[in-house]
1. Please express the shape of the chain as an equivalent ellipsoid: the semi-axes are the square roots of 5 times the eigenvalues of the C-alpha gyration tensor, given largest first in whole angstrom.
2. What spacing in nm lies between the two simple spin-label points modelled at residue 27 and residue 88, each 7 Å away from Cα in the Cβ direction?
3. Using a Gaussian network model of the chain whose springs link C-alpha atoms within less than 10 Å, name the residue from 110, 63, 15 with the highest mean-square fluctuation.
4. Can you tell me the Rg and the Dmax, both Å, for the Cα atoms in region 1-75?
5. Going by how many other beta carbons lie within 10 Å of each one, how would you line up 145, 68, fewest first?
6. Between residue 19 and residue 146, how high is the FRET efficiency from 1/(1 + (r/R0)^6) when r is the Cβ-Cβ distance and R₀ = 30 Å? Nearest 0.05.
7. Taking the beta-carbon count within 10 Å as an exposure proxy, list 19, 133 from fewest neighbours to most.
8. In percent, how large is the relative contact order of the chain, given Cα pairs closer than 8 Å and 6 or more residues apart?
Ligand SMILES: *Cc1c(COP(=O)(O)O)cnc(C)c1O
């Protein structure tokens, strides 16, 4: 399959998932995860109409950002960011998906030249291998970000366990949605928290069924493009 065929397949899957869930297609933003992929493939996704791209290393972000058009792309940073690397990326991105600790929040607040839209990462299922706050830590943490003018908590992000069953995936995404709604109901000026970043290539239809507003899709775009 070519990238273009993969795009069509992803788009029809997103549409079908929205239809089944009674949601509008515009409610879901597909973020193309382009980490480790060559610039040419990202350019092809751009030509095919994608405008949201995610990287997980400063080098990859900078390389692609300097090559692709500057005006109309939203760059997302996913994955762990070491505190000392914050200054390299924070003023280059529209969304940061991995806010999970106070030291990182402080550094972002200090280095950002304007407010950054952040997702607080929650480890819903409590897997020890994953980053993210536990569900019980999430709300106190978000409240404690009030004094940071350069951090806006736009939503919550999670990564589902890799080997989860569909039932477990549903539960995980539902639980994130519940916490997101709890935060939104607090009406915090610094944390509107209207969004959920959940779902990857293996599970984005389930995430959409459970209310995802941003899905982070990587390998599904690039499957079998070498052939
Ligand atoms: C790599 C990655 C993705 C995309 O995963 P695929 O399985 O390739 O779709 C999504 N989110 C995060 C945080 C990632 O690191």
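What follows is calculated from the coordinates using simple rules that are stated; it is not laboratory data. The model shown is predicted, which means the values in this text are computed figures rather than measured ones. Cβ atoms come from the backbone with ideal geometry, glycine included; neighbour counts cover every protein chain shown.
1. Details: eigenvalues 138, 101, 46 Å².
Over the Cα atoms of the chain, the semi-axes work out to 26, 23, 15 Å.
2. 3.9 nm
3. Greatest mean-square fluctuation among the candidates belongs to 63.
4. Answer for region 1-75, Rg first and Dmax second: 13.5, 40 Å.
5. Details: 145 21, 68 18.
In increasing order of surrounding Cβ atoms, one gets 68, 145.
6. My answer for the efficiency is 0.15.
7. Starting with the residue having the fewest Cβ neighbours, the order is 19, 133.
8. Values: 418 pairs, mean separation 50.0, N = 227.
Once divided by the residue count of the chain, the mean separation gives 22 percent.
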